[in-house]
2 protein chains.
Amino acid sequence: MSLIVAKFGGTSVATTDRIKNVAQRLVRMKNEGNQVVAVVSAMGKTTDDLVSMCEALNPNPPAREMDRLLSTGEQVSMTLLAMAIEALGVHAMSFTGRQAGIQTDGIHEKAKIVSVDNERIMKCIHDDGIAVVAGFQGIDHNGDITTLGRGGSDTTAVAVAYGLGADECQIFSDVVGVYTADPRVCPHAHKLDEISYDDMLELSAAGSGVLQMRAVEFARKYNVVIHSRSAFSEEPGTLVKETTMEKSVITGIAHDTSEVKVTVRGVPDITGVAGRLFQVLSASNVSVDMIIQGTAADGLADISFTCPAKDVATAKAALDELLPELGAQEVYVNENIAKVSLVGTGMKSSPGVAAKAFSTLAEHEISILAISTSPIRLSVVVGKDECAKAVQCLHTAFGMDVEEIFEENALSPEEVEAKKNKGR
Amino acid sequence: MSLIVAKFGGTSVATTDRIKNVAQRLVRMKNEGNQVVAVVSAMGKTTDDLVSMCEALNPNPPAREMDRLLSTGEQVSMTLLAMAIEALGVHAMSFTGRQAGIQTDGIHEKAKIVSVDNERIMKCIHDDGIAVVAGFQGIDHNGDITTLGRGGSDTTAVAVAYGLGADECQIFSDVVGVYTADPRVCPHAHKLDEISYDDMLELSAAGSGVLQMRAVEFARKYNVVIHSRSAFSEEPGTLVKETTMEKSVITGIAHDTSEVKVTVRGVPDITGVAGRLFQVLSASNVSVDMIIQGTAADGLADISFTCPAKDVATAKAALDELLPELGAQEVYVNENIAKVSLVGTGMKSSPGVAAKAFSTLAEHEISILAISTSPIRLSVVVGKDECAKAVQCLHTAFGMDVEEIFEENALSPEEVEAKKNKGR
C-alpha cells in the first residue's frame, strides 16, 4: 500500500465534468490499494474573475484582503471535489490550508510554509477516506489566511507529501511530463523519464511551466519524489528525484517570455550604488532575475536587470523615485525580450557549452541581448520574436531532437505563455 | 458617537458598482461620527451558482462540504467590500465567521449561534477602521465552518450588534421597511414607522421576507433595536423594538407561497400515532408549520401539515417509509397553496377578528383550506392563485388601506416569492 499525494491544477478541475473525472481517477487510485490525498487549485478562470472584480474596486487592495479573496477559489474546488468523490461512494473530506495545518509566515500573497501538521488529514485517510486539501493557502500566526503565490498549489502538494511521508507526490497537469523543450515551441522535443532536482530546478527557474520552482526546491530539500504527469492520460510522466544516472551534457532547454528588461541609465560609478538600487527593489518585493552591468563611460554606467512583467510598474516607480538620490539619468523598459536557457548538470564537467551555444545562435543570426550563467545553466536574452527559433536551433545543436514530431502544432511563444499563466 | 451594525444583503452587493455604493454609504456613516461594523451576504446569485455546481456532482452532498462551499460566497463579498472601503481612504478589515468569533453548534446548514467573541472587531473599530463581517457563517467546536441557514446574515448582524452593545442594527434590503402588506401584492399597503418584536416575529414567521424570523427572535431576546431600511435610499425605514404605543388590532398581513401541504390519509385513530409521525419528521429536520387533523371516520383520520417546499422530498420519503408502521394509507402533496396571515398584538384584546376575516374571504368567494391561530396571529391557507386577492380584501376590510398607491405595479405572488427567495 502506497500513500500518494495527487495534485490537480486549475485546468483539471475547470468544469464539473472535469471534477468528476478527477474524482474517478482518485477513486481508482484508492481502489488499487493506495491511500490517497488530493491537493487542488481553483477552478479554471476563478482566480482571474476574482482579480478583475478586485481591480474594479481597488487598484491597490490590502494584501490581507486579497489573500482571503483568492483563497476562496480553492475552497470551492476542494468542496466540489469532495462531493464528487462521495457521490462515487467513497468517503471524502476537504480541508482548508488552516485545517490541513499549513502554517506559513505572515508575508501575504507570497507566504512561505513554516510547518505542516497533518493530524486531520491522517485521521481522514485512516478512516478509509480520501482527503482533499486546498492548495495555495495557509494561515499565519495571527490566524489570517495567506496565499503562497504562483506555484503555491504544487508547493502545498510537496509539503503535504513530506509531512505525511508519502511515497510519491504526483503533480497532474495538461502536459505529459517534463520535455527537453516546450513541445509546443520545439516539435522535436521529447519527454524525459526522469530528471534530477537540480536540473528541474534550473528548468523551472528558467521558465518551464511544468513544475513550479518553489515546489521543486521544497522537494529537493526534503527528498520528496515528484511524478509530473498528465491529468488526461494514464501514461507515466517524468520522475523528479535524486538521480544517479550518467548525466547528458544538456538535459533540456527552457524559455521564458514573461520577463521584461529594465535599464537604469547613467548611473554614477560609485561603490554602493548598485547595492542601494537592488536593496530598494528588494524592499519593493520586485523579483530581480538577471543582472547586467555595462561598462562605465565618463564615470557613468548602465545597470540592467530582468524581472517579471507583473513587477515592472512597481520597479519603475521605485527606481524613478530613487533616480535623484543615485544621480542617475533615466529608467528604460524593454518588454520585447525572451530568455532561453540551456540546463544540464553535466554542463559542469563539459567546457565549451557557451561557445557552442553562442556560435549556433550567431549562425541563425539571433542577437544576444544579455547572458547569465550558473554552474549548470546558461541563459541568453534574445528578442521575443526570435525565441522559438533560438530554442529550436539550440535543441538541434545539442543533439536532443527526436524523429517523431509532437502532435500539437507549434504555438507562438505568446500563446504558450498565455496557456502557462493560467495555472497557479 | 453611535456604534452601528449595518447589514447588506446579496442584492445590495450583487455587482462591483453596488459594492462601491455600499462602501460609500458606510464611509458616510463613519464620517458622521459613528463607529461602523458591516455584515454582508454573498453577491447576488453566487449561492445559486454554487448550489447548481454542487447538484451536478452530488445530489446529496455531505453537509460539512456544503457549508464550506456556501461560506465562500460571503468571503468574496466581504473582502471586496473591505477593498472598496480602503479605496475611499478609510481603513477596513474583513472577518470570517471564525475570525469574528461566531461560535455555533455543530448542526451544519442550520447552525445556531452559541457565543460571539468580538475581540478582533473591537480592535478594528478602535483602530478607526470599518469592520466587515461575513454573514451566514460561524464555526463549530471542531473548527469546521457552519452556516446558519436562510436568514443567517440577518442573525449574524443582530448577534454581532448584541455582542458589541451596538446602538442600532440597521438591516438594509431592497425594500424601504416593514409594510402593512407586501406592496408588490397589495398596492394600498403602507410603511410602518415602528413595530413590536412580537408583531414582527409573527409577520416574519408568516412569510414576510423583510426580516428573518431568527434574527428578530434573537433581537427580542437580547433587546437589540433593528432598523429595517432600504439600501437604495436615505429614507428612514421601520424600527423593530419594544414598543409601548397603543396597538392597532391588526399590524399587518403577511403571505407565504413557499410552503406545500402534505396529507397523510387513513391514519388509524390510535393514541400516539400523531406523536410518532411528527417525531419522525422532526428527526428528518423537516420544519413543520401548520398542523390540521381531520375528524376520524371508521377510526381513520387524515393528518395534514404544511412545510417548506424544499423539505417536501425529505418529508415524503420519511412518511412513505413510516406508512406500514402507522397502518396509514397514503401520503398526498398539494403544492398549489398560499398562507395568508393577519398579525397584531392588539388581536388578543379584540374578539371577532377571525369572524371578520372569514366573512371577508367568503364575500370574495375564497375557499379556506386550513386555519391556524396564535394569540396574535390568524393564518388561513388558500389556493395559490387566490393569494393576492385574499391579501387585498383583508387589507381593506381591516382598515389598513392608504390612498397613494405603491409605485411598483403589483406582482404575482410567484414573482414576489422569486424575488424574496433570492436573499439569505
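The lone criterion from (1) facing another protein chain (nearest Cβ under 8 Å); (2) within 30 Å of B:Pro236 (Cβ to Cβ); (3) open to solvent by less than 50 Å² (accessible area, probe 1.4 Å) left unmet by B:Leu81 is number (1). Name the single residue that is surrounded by the most Cβ atoms within 10 Å (Cβ to Cβ) among those in region A:233-252 being among the hydrophobic types (A, V, I, L, M, F, W, C) and out of contact with any Lys or Arg (no Cβ under 9 Å at 6 or more places or on another chain). Only one residue tops the list, namely A:Ile250. When B:Ala206 is tested against (1) within 16 Å of the chain's Cα centre (by Cα); (2) surrounded by fewer than 19 Cβ atoms within 10 Å (Cβ to Cβ); (3) of a type in the set (Gly, Ala, Ser), just one condition goes unmet, and that condition is (2).
Kindly provide the set of residues from region B:137-152 that are closer than 17 Å to B:Thr72 by Cβ and more than 10 Å from chain A (Cβ to nearest Cβ), ordered by number. Hits for region B:137-152 are B:Gln137, B:Gly138, B:Ile139, B:Thr146, B:Thr147, B:Leu148, B:Gly149, B:Gly152.
Per the listing B:Ile121, B:Ile113, the residue uniquely aliphatic (A, V, I, L, M) and within 28 Å of A:Thr79 (Cα to Cα) is B:Ile113.
Here A:Asp128 passes the criteria (1) within 26 Å of the chain's Cα centre (by Cα); (2) away from chain B (no Cβ under 12 Å) except the one numbered (1).
Of the strands (runs of 3 or more DSSP E) that lie entirely inside region B:95-182, those containing 2 or more residues that are open to solvent by 10 Å² or more (accessible area, probe 1.4 Å) span B:113-116, B:168-173. Show the residue pairs that are 6+ apart or on different chains and have beta-carbon atoms under 9 Å apart, the first residue being within region B:272-283 and under 16 Å from B:Val262 (Cα atoms), the second being hydroxyl-bearing (Ser, Thr, Tyr) and modelled with pLDDT under 90. Once the first residue is under 16 Å from B:Val262 (Cα atoms) and sits in region B:272-283, its partners that are hydroxyl-bearing (Ser, Thr, Tyr) and modelled with pLDDT under 90 give B:Leu281/B:Ser287. Filtering A:Ala23, A:Ala6 for residues that are within 20 Å of B:Pro59 (Cα to Cα) and either over 19 Å from the mean Cα position of the chain (by Cα) or touching a residue at least 12 places away in the same chain (Cβ under 8 Å) (or both) leaves a single hit, A:Ala23. Could we say that A:Ala38 is away from chain B (no Cβ under 12 Å), open to solvent by less than 20 Å² (accessible area, probe 1.4 Å), hydrophobic (A, V, I, L, M, F, W, C) and in a loop (DSSP other than H, G, I, E, B) here? So A:Ala38 fails the test. If you go through region A:183-200 and keep only what is under 18 Å from A:Cys169 (Cβ atoms), of a type in the set (A, V, I, L, M, F, W, C) and buried (at least 24 other Cβ atoms within 10 Å of the Cβ), you end up with A:Ile195, A:Met200.
Residues in region A:373-389 that are in a strand (DSSP E or B) and surrounded by fewer than 17 Cβ atoms within 10 Å (Cβ to Cβ): A:Thr373, A:Ser374, A:Gly383. Return yes or no: is A:Ala6 within 14 Å of chain B (Cβ to nearest Cβ) and assigned to a strand (DSSP E or B)? The answer is no for A:Ala6.
Would you be able to say whether some residue in region B:311-326 is under 28 Å from B:Thr396 (Cα atoms) and in contact with a Leu (Cβ under 9 Å, 6 or more places away or on another chain)? Looking through region B:311-326, none of the residues is under 28 Å from B:Thr396 (Cα atoms) and in contact with a Leu (Cβ under 9 Å, 6 or more places away or on another chain). Checking each residue in region A:48-70 for being more than 8 Å from chain B (Cβ to nearest Cβ) and open to solvent by less than 30 Å² (accessible area, probe 1.4 Å) picks out A:Asp67, A:Leu70. Taking region A:196-312 and the helices (runs of 4 or more DSSP H) fully enclosed by it, the elements with 2 or more residues that are in contact with a Phe, Trp or Tyr (Cβ under 7 Å, 6 or more places away or on another chain) and more than 27 Å from A:Ala388 (Cα to Cα) are at A:213-222. With respect to being more than 12 Å from chain A (Cβ to nearest Cβ), open to solvent by 20 Å² or more (accessible area, probe 1.4 Å) and more than 25 Å from the chain's Cα centre (by Cα), B:His91 falls outside the description.
Does B:Val76 count as within 9 Å of chain A (Cβ to nearest Cβ), touching a residue at least 12 places away in the same chain (Cβ under 8 Å), open to solvent by 10 Å² or more (accessible area, probe 1.4 Å) and in a helix (DSSP H, G or I)? For B:Val76, the condition - within 9 Å of chain A (Cβ to nearest Cβ), touching a residue at least 12 places away in the same chain (Cβ under 8 Å), open to solvent by 10 Å² or more (accessible area, probe 1.4 Å) and in a helix (DSSP H, G or I) - is met. Of the residues making up region A:299-324, those that are at pLDDT 90 or above, among the acidic types (Asp, Glu) and surrounded by 14 or more Cβ atoms within 10 Å (Cβ to Cβ) number 1. Scoring A:Leu26 on the criteria (1) open to solvent by less than 20 Å² (accessible area, probe 1.4 Å); (2) more than 14 Å from chain B (Cβ to nearest Cβ) leaves a single failure, condition (2).
Which ones in region B:330-371 are open to solvent by less than 20 Å² (accessible area, probe 1.4 Å) and without any contact (Cβ under 8 Å) to a residue 40 or more places away in the chain? Hits for region B:330-371 are B:Thr360, B:Leu361, B:Ile366.
The values are calculated or read from the model by the stated rules, or taken from the named source; none is laboratory data. On a predicted model such as this, the values are computed, not experimentally measured, just so you know. Using ideal geometry, Cβ is built from the backbone for each residue, glycine included, and neighbour counts are taken over all protein chains shown. Side chains are part of the model used for accessible areas, which takes the heavy atoms of the whole protein and leaves out ligands, DNA and RNA. Shrake-Rupley method; radii C 1.70, N 1.55, O 1.52, S 1.80 Å.
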